[in-house]
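> This is the structure I have questions about; it appears just below.
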Amino acid sequence: MENHVEDVLILAIESSCDETAASVVKNGREVLSNIINSQIAIHTNYGGVVPEIASRKHIENISPVISMALKEAGVTLNEITVIGVTYGPGLVGALLVGVAMAKAMAFAAKKPLVGVHHIEGHIAANYIENPDLKPPFAALVVSGGHTHLVMVEDYGKYDIIGRTRDDAAGEAFDKVARAVGLGYPGGPKIDKLAKEGNPHAIEFPRANVEDAPYDFSFSGIKSAVLNYLNHCEMKDIKVNKADLVASFQNAVVDALVSRAMLLIDTRHIHQFAIAGGVASNSALRLALQNECAKRNVTFYSPSPKLCTDNAAMIGAAAYYEYIKGTRHGYDLNAIPNLKLGERV
Amino acid sequence: MNILAIESSAITASVAILTDECVIAEYTIHHKKTHSQTLLPMIDEICRMADMNLENLNLIAVSCGPGSFTGLRIGVATGKGIAFALDKKMISVPTLEAMAYNLYNTEKYVCSVMDARRQHLYCGIYYYKEGELQTKLEQSLLSYEELVSILNNINQSVVFVGDGIYAASDYIKNNMMCPYEFAPVHLAQQRASSVGIYAKYLYDKNGAQDSAQIVPNYLRPSQAERLLGEKECQK
């Protein structure tokens with residue numbers, strides 16, 4: 001490992017889905033700026049993220065977002081040590097905008113380039129607000145595209161313990177929200193409405209995956225909700241939406257928490273972190289917090305601004321990759337299905 | 001004036017460095033590898049081969065469309081990144097006009113065509129008057145039928161450039177009523193040197209642009225926008 005006496009300033013760029021983001025992060029933990037340009041309002045018209053529109057917005061917004069990140073951090077590009085960028089997983093056209101921009105800047109400014117895995121970025125978001133957090137720890141990554149139960153063995157070293165066999169947890173939230181008529185994005189809307197409902201009103205199934213106690217399956221819960229809605233419509237029964245989404249959310253939270261606790265109990269884990277967009281869900285946070293407290297396990301969760309897609313988390317992850325010696329070439333490509341822990 | 005020119009609107013990836021006197025380096029590749037993997041290594045290569053200190057570049061010229069949506073964005077983002085880091089200005093170059101510059105000062109009409117799929121072409125019609133490119137048809141998205149009918153109405157001798165030649169050759173052969181020919185491949189393909197030379201002409205005429213403002217000119221809305229538009233029309 002190299003010995004770094006001087007501060008390492010990372011300029012990080014993220015464009016994997018519908019947020020154009022740039023950030024300056026010092027030594028992997030201190031965020032000097034965190035600029036996010038969200039396109040949610042545009043994609044709401046289409047009921048979900050439209051990849052081509054997302055890519056078009058990224059190319060319009062990327063320069064101003066980067067300028068703002070440098071300005072707010074009070075640094076020039078010259079003072080930046082390394083440029084970090086998300087190169088997967090995500091929407092390929094969207095990723096390519098950030099990757100091409102970052103590579104060209106690294107080339108012209110003669111800075112090293114470090115490609116970052118988006119989900120590893122989400123996990124690294126926990127380092128930012130928790131200076132004491134160091135691997136090893138267990139992490140639950142839950143977002144619109146991912147549901148992973150992971151052992152973080154060291155910086156940049158991951159062992160995937162469990163994963164979803166079908167829909168990601170966030171995907172199930174979005175689909176149920178659409179079916180109930182709440183619209184996009186589903187997560188925050190369900191979270192809000194569920195507070196007014198009874199989580200035990202309807203008993204939805206908790207699917208187990210045979211011979212894989214840590215794996216998840218959410219398509220069954222989603223289908224059960226859709227069937228319930230159909231059933232009510234046919235019988236002309238008025239649906240209590242608050243009860244319905246509260247019960248659905250409870251089933252998803254239950255599935256997530258039970259597997260996390262199985263891992264904690266089996267491997268005697270002392271530190272547990274959550275990450276990803278769904279980590280903002282208040283019911284999930286509360287349930288994990290309570291279960292961890294019962295077991296004397298320290299629970300870490302990023303604040304909501306660091307749960308959503310952002311570049312500060314990419315900067316945090318890029319720092320540890322940089323320290324390890326990771327460098328990417330000018331031929332770095334976007335990899336839409338990059339695996340967690342995979343290195344290209 | 002030193003210009004770095006970038007062209008990645010279709011399968012051809014091409015980069016060039018031009019001074020006032022000559023094209024000091026040009027690198028063109030037409031291969032299946034993605035622009036994401038080729039474009040910047042090619043720029044790196046020609047800069048090293050030509051001993052070009054990046055600080056000495058004055059302008060970054062990018063072929064901004066129409067063309068492959070992703071290809072255009074890779075070219076534009078690459079240009080923006082370099083311009084941002086070096087604090088240089090950019091020139092947004094209309095792709096089909098730059099292609100017409102492959103046949104600079106020909107006495108015939110030049111019709112630039114790119115395959116836009118679904119029996120459509122991105123196309124423009126040009127001619128030269130006293131050494132200046134004149135536009136007869138602005139860059140447009142037209143069906144084979146629409147373009148050929150416009151050319152037949154103009155009724156002039158025309159040379160086609162661009163990969164649209166191969167996509168639409170049967171239709172053109174069967175329906176063109178006026179004299180025409182297809183340019184040989186070395187003149188029919190996109191070339192960064194043409195982008196650079198034409199960029200110099202545009203710069204002298206209109207000046208340069210701030211890199212943050214450069215966006216591709218797709219000439220075609222995304223499918224989702226099209227469908228939403230149709231839905232709203234039906235309402």
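> Name every residue in the stretch B:182-191 that is open to solvent by 50 Å² or more (accessible area, probe 1.4 Å) and either without any contact (Cβ under 8 Å) to a residue 24 or more places away in the chain or aliphatic (A, V, I, L, M) (or both), in order of residue number.
B:Phe182, B:Pro184, B:Val185, B:His186
> Right, something else. Scan the stretch A:115-151 residue by residue and report those that are of a type in the set (D, E, K, R) and touching a residue at least 40 places away in the same chain (Cβ under 8 Å).
A:Glu120, A:Glu129, listed by residue number.
> Right, another one. So in the stretch A:52-90, with the set limited to residues that are in contact with a strand residue (DSSP E or B) (Cβ under 6 Å, 6 or more places away or on another chain) and of a type in the set (S, T, N, Q), which one is nearest to the other protein chains (Cβ to nearest Cβ)?
That would be A:Asn61.
> Still on this model: I'm trying to understand the selection: among the residues of the stretch B:186-235, which are within 12 Å of chain A (Cβ to nearest Cβ), in a helix (DSSP H, G or I) and at pLDDT 95 or above?
If the condition is that a residue be within 12 Å of chain A (Cβ to nearest Cβ), in a helix (DSSP H, G or I) and at pLDDT 95 or above, then B:Ser211, B:Ala212, B:Gln213 are the ones that fit.
> Hey, A:Val50 hits all of (1) touching a helix residue (DSSP H, G or I) at 6+ places or on another chain (Cβ under 9 Å); (2) at pLDDT 95 or above but one; which does it fall short on?
(2)
> Condition test on B:Val110, is it buried (at least 17 other Cβ atoms within 10 Å of the Cβ), over 22 Å from B:Gln190 (Cβ atoms) and more than 14 Å from chain A (Cβ to nearest Cβ)?
no
> Between a first residue in the stretch A:286-299 that is among the β-branched types (Val, Ile, Thr) and a second residue that is open to solvent by 70 Å² or more (accessible area, probe 1.4 Å), which pairs have beta carbons less than 8 Å apart while being 6 or more apart in sequence or on different chains?
Listed by first residue and then by second, the contacts come to A:Val297/A:His270; A:Thr298/A:His270.
> Quick one: is A:Gln249 touching a Lys or Arg at 6+ places or on another chain (Cβ under 9 Å), buried (at least 21 other Cβ atoms within 10 Å of the Cβ) and of a type outside the set (Asp, Glu)?
Taking the combined requirement at face value, the residue does not satisfy it.
> Can you run down the residue pairs with Cβ atoms below 8 Å, 6 or more apart or on separate chains, where the first is in the stretch A:81-100 and under 19 Å from B:Ser68 (Cβ atoms) and the partner is outside any strand (DSSP E or B) and among the charged types (D, E, K, R)?
Here the result reads A:Gly93/A:Glu52; A:Gly93/B:Arg73; A:Ala94/A:Asp18; A:Leu96/B:Arg73; A:Val97/B:Arg73; A:Ala100/B:Arg73, each pair linking the stretch A:81-100 to a residue that is outside any strand (DSSP E or B) and among the charged types (D, E, K, R).
> Only one residue in B:Gly124, B:Gly164 is in contact with a Pro (Cβ under 8 Å, 6 or more places away or on another chain), modelled with pLDDT of 95 or more and surrounded by 16 or more Cβ atoms within 10 Å (Cβ to Cβ). Which one?
B:Gly124
> How about the stretch A:144-189: which of its residues are open to solvent by 20 Å² or more (accessible area, probe 1.4 Å), out of contact with any His (no Cβ under 7 Å at 6 or more places or on another chain) and β-branched (Val, Ile, Thr)?
Once the filter is applied, which keeps residues that are open to solvent by 20 Å² or more (accessible area, probe 1.4 Å), out of contact with any His (no Cβ under 7 Å at 6 or more places or on another chain) and β-branched (Val, Ile, Thr), the stretch A:144-189 yields A:Ile161, A:Thr164.
> How many of the residues making up the stretch B:30-63 are in a strand (DSSP E or B) and farther than 14 Å from B:Gly75 by Cβ?
Result for the stretch B:30-63: 2.
> Taking interchain pairs and intrachain pairs at least six residues apart, which have beta carbon atoms under 9 angstrom, with the first residue in the stretch B:31-47 and among the β-branched types (Val, Ile, Thr) and the second part of a helix (DSSP H, G or I) and buried (at least 17 other Cβ atoms within 10 Å of the Cβ)?
B:Thr34/A:Leu96; B:Thr34/B:Thr70; B:Thr34/B:Gly71; B:Thr34/B:Ile74; B:Ile43/A:Ala104; B:Ile43/A:Phe107; B:Ile43/B:Thr78; B:Ile43/B:Ile82
> Continuing with this model, one more query. Which residue, of A:Gly93, A:Gly48, is open to solvent by less than 50 Å² (accessible area, probe 1.4 Å), under 28 Å from A:Val176 (Cα atoms), within 11 Å of chain B (Cβ to nearest Cβ) and touching a Phe, Trp or Tyr at 6+ places or on another chain (Cβ under 6 Å)?
Being open to solvent by less than 50 Å² (accessible area, probe 1.4 Å), under 28 Å from A:Val176 (Cα atoms), within 11 Å of chain B (Cβ to nearest Cβ) and touching a Phe, Trp or Tyr at 6+ places or on another chain (Cβ under 6 Å) holds for just one of A:Gly93, A:Gly48, which is A:Gly48.
> Which of the following residues is open to solvent by less than 30 Å² (accessible area, probe 1.4 Å), in contact (Cβ under 8 Å) with a residue 60 or more places away in the chain and not aromatic (Phe, Trp, Tyr): A:Ala194, A:Ala212, A:Ala224?
Matching residue, one of A:Ala194, A:Ala212, A:Ala224: A:Ala194.
> Does B:Ala16 qualify as being open to solvent by less than 10 Å² (accessible area, probe 1.4 Å), more than 9 Å from chain A (Cβ to nearest Cβ) and under 12 Å from B:Leu4 (Cα atoms)?
When the stated conditions are applied, B:Ala16 passes them.
> Here's something else I'd like to know. Suppose we filter the stretch B:213-232 for residues that are closer than 20 Å to B:Gly67 by Cβ and open to solvent by 40 Å² or more (accessible area, probe 1.4 Å); how many remain?
Residues meeting the conditions: 8.
> Considering only the stretch B:81-177, give the helices (runs of 4 or more DSSP H) lying wholly within it that have at least 1 residues that are free of Cβ contacts under 8 Å to residues at least 24 places away in the same chain and of a type in the set (S, T, N, Q).
Answer list for the stretch B:81-177: B:144-154, B:164-175.
> From the list B:Asp170, B:Asp210, B:Asp204, which one is over 29 Å from B:Val76 (Cα atoms) and open to solvent by 10 Å² or more (accessible area, probe 1.4 Å)?
One residue alone meets the criteria, B:Asp170.
> Quick check: anything in the stretch B:67-86 under 24 Å from B:Leu147 (Cα atoms) and away from chain A (no Cβ under 14 Å)?
No; the residues of the stretch B:67-86 include none that is under 24 Å from B:Leu147 (Cα atoms) and away from chain A (no Cβ under 14 Å).
> Same structure, new question: Given the criteria open to solvent by less than 10 Å² (accessible area, probe 1.4 Å) and modelled with pLDDT of 95 or more, does B:Ser9 qualify?
yes
The values are calculated or read from the model by the stated rules, or taken from the named source; none is laboratory data. Since the structure is predicted, the reported quantities are computational estimates derived from the model, not experimental observations. Counting neighbours? That spans all protein chains shown, and the Cβs are built from the backbone with ideal geometry, glycine included. When the accessible area is computed, the model is the full protein with side chains, heavy atoms only, and any ligands, DNA or RNA have been set aside. Shrake-Rupley method; radii C 1.70, N 1.55, O 1.52, S 1.80 Å.
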